Every structure is written in C-alpha cells, then in structure tokens.
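The values are calculated or read from the model by the stated rules, or taken from the named source; none is laboratory data. The shown structure was predicted, so the numbers you read here are calculated from the model rather than taken from an experiment. Cβ atoms come from the backbone with ideal geometry, glycine included; neighbour counts cover every protein chain shown.
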Amino acid sequence: MAKPPKKKNDQAPAALMVGIGLDTDGHKRLTTGKNFALVGGSKETHEEMTEKAVKINEKLAKRGKELHEVSRQEFDDIAHEVGLRRNAPERN
C-alpha cells in the first residue's frame, strides 16, 4: 500500500547554511551537503567554506542537534568555534 503524502506540518522546519564566495579563479563551483549549499569562490575560498560547513555539522552532531534546533546564539557560538566571525553592519 502506498504511503500517504506528508502534510506540510509533518515536515521538520527547514534550515540551510548558504555560502557565497565572491572571489574567482574562472571556475564555477557548487557544493551541497547536509543543510548547506556553497557557491562560487576561488579553489581556496571554496575549500575553506566547505571545511567550515562540515565542521559546523560535526559540532551539531556532537551536541545531538540539527541545524533547525539551535538558537541564533548557539549557532553563533558554534560558528565562532570553527573560526567564523560575524561582521558588524556599517553605520551610515
């Protein structure tokens, strides 16, 4: 017997990390993984973005959590642990 389609409310909340590399060496790069999508960047930039995204997922797994389950502050703490820094917005 076929399974009934999942209702929208039955699905887990979506969360996605998106990385955009603004430098280029002429190659087009796209890497996707569990809850992340990375596009662009030079080879070095793209590898660094990939490494950070994988490390964030590893830290989430150690905490027994999924991306959609962490607060903004907890995500910022994890991102800081893997070497990412939040830039303060410029004031006009």
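Got a sec? Which of Asn35, Asn57, Asn9 is modelled with pLDDT under 90 and either under 17 Å from Ala79 (Cβ atoms) or of a type outside the set (D, E, K, R) (or both)? If you could, list the steps in order and put the result at the bottom.
Values: Asn35 fails: modelled with pLDDT under 90; Asn57 fails: modelled with pLDDT under 90.
Result: Asn9 is the single residue among Asn35, Asn57, Asn9 that is modelled with pLDDT under 90 and either under 17 Å from Ala79 (Cβ atoms) or of a type outside the set (D, E, K, R) (or both).
Just for the stretch 33-79: of the residues that are in contact with a Gly (Cβ under 6 Å, 6 or more places away or on another chain) and of a type outside the set (A, V, I, L, M, F, W, C), which one is surrounded by the fewest Cβ atoms within 10 Å (Cβ to Cβ)? By that ranking, first place goes to Gly40.
The set of residues from the stretch 80-92 being under 17 Å from Glu48 (Cβ atoms), surrounded by fewer than 11 Cβ atoms within 10 Å (Cβ to Cβ) and charged (D, E, K, R) comprises Arg85, Arg86.
Scanning the stretch 10-64 for residues that are among the aliphatic types (A, V, I, L, M) and assigned to a helix (DSSP H, G or I) yields Met49, Ala53, Val54, Ile56, Leu60, Ala61.
The set of residues from the stretch 11-22 being within 20 Å of Gly83 (Cβ to Cβ), out of contact with any Phe, Trp or Tyr (no Cβ under 8 Å at 6 or more places or on another chain) and surrounded by 11 or more Cβ atoms within 10 Å (Cβ to Cβ) comprises Ile20, Gly21.
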